[in-house]
Amino acid sequence: MKGAVFKYRGLIWGIFAAAILACPVDFSKWRFFAAIPILAAGQSLRFWAAGVIPKYRTLELDAPQLVTWGPYAWIRNPLYAGNGIMGMGWALMVGWLWAASFAVLYLALYLFTIIPYEEEFLISRFGVEYEEYKKTTPSLIPTFRDFRKRAERSARCFDLKKSWFMERHSLRMNSAVTALVLARLYFS
């Protein structure tokens, strides 16, 4: 079950986005414009994370190395944190009920399914090294404990070309959903 959820995690968000557009609770210009910086923050976090890992757009779990620098120095799952931030932005755009629904779906999908599935794999692949990383680095919400050490690790190895290549799909989707919400806001 967890493997199937991992494999089709992008499709699940596509269905959620379609439901948001098809069944909005209420649109508000204020919420729309308040959500834009939230979307940009989530996309920026994903962009940063994509520029420091070897690859991630796969249907099967794989990790050629354990990445503990860049945003991974602060949280173990920056791509998923970015998804959560962007999802809250879209949900906020279309209504508080959708924001609450998104939060429940996000928690169920990531915290109880995808992240545990990935962690089982990472423990089997990297053993004690991953266990130590897991003990010292939070999953989704950063702490500022060991600030200097984390800041030094976060400055290491960012590849802008790779980040753009890996995240262009996410950026297109982010822009498309935002444009559709805007169209729905102004033309419904």
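The values are calculated or read from the model by the stated rules, or taken from the named source; none is laboratory data. Computed from a predicted model, the values in this text were never measured in an experiment. Virtual Cβ from ideal backbone geometry, glycine too; neighbours counted across all protein chains shown.
Pairs linking a residue in region 155-174 that is surrounded by 12 or more Cβ atoms within 10 Å (Cβ to Cβ) to a residue that is part of a loop (DSSP other than H, G, I, E, B), with Cβ atoms under 6 Å and 6 or more positions apart or on different chains, are Arg156/Trp69; Phe158/Gly51; Phe158/Val52; Asp159/Gly51; Lys162/Gly51; Ser163/Gly51.
Against the list (1) farther than 21 Å from Ser170 by Cβ; (2) of a type in the set (Val, Ile, Thr); (3) within 18 Å of the chain's Cα centre (by Cα), the condition Thr136 fails is (3).
Residues that are within 23 Å of Ala35 (Cα to Cα), modelled with pLDDT under 90 and in a helix (DSSP H, G or I): does region 109-117 have at least one? Within region 109-117, one or more residues are within 23 Å of Ala35 (Cα to Cα), modelled with pLDDT under 90 and in a helix (DSSP H, G or I). The residue that is modelled with the lowest pLDDT, among those in region 1-51 that are in contact with a Phe, Trp or Tyr (Cβ under 6 Å, 6 or more places away or on another chain) and farther than 22 Å from Tyr186 by Cβ, is Lys2. Scanning region 52-76 for residues being among the hydrophobic types (A, V, I, L, M, F, W, C), touching a Leu at 6+ places or on another chain (Cβ under 8 Å) and at pLDDT below 90 gives a total of 2. Criterion first (assigned to a helix (DSSP H, G or I) and either modelled with pLDDT of 85 or more or crowded, with 20+ Cβ neighbours inside 10 Å (or both)) does Tyr186 satisfy it? No: the conditions fail for Tyr186.
Quick check on region 102-125. Is at least one of its residues among the polar types (S, T, N, Q) and either over 30 Å from Tyr186 (Cα atoms) or out of contact with any helix residue (DSSP H, G or I) (no Cβ under 9 Å at 6 or more places or on another chain) (or both)? Within region 102-125 (the criterion being among the polar types (S, T, N, Q) and either over 30 Å from Tyr186 (Cα atoms) or out of contact with any helix residue (DSSP H, G or I) (no Cβ under 9 Å at 6 or more places or on another chain) (or both)), the answer is yes, since at least one residue qualifies.
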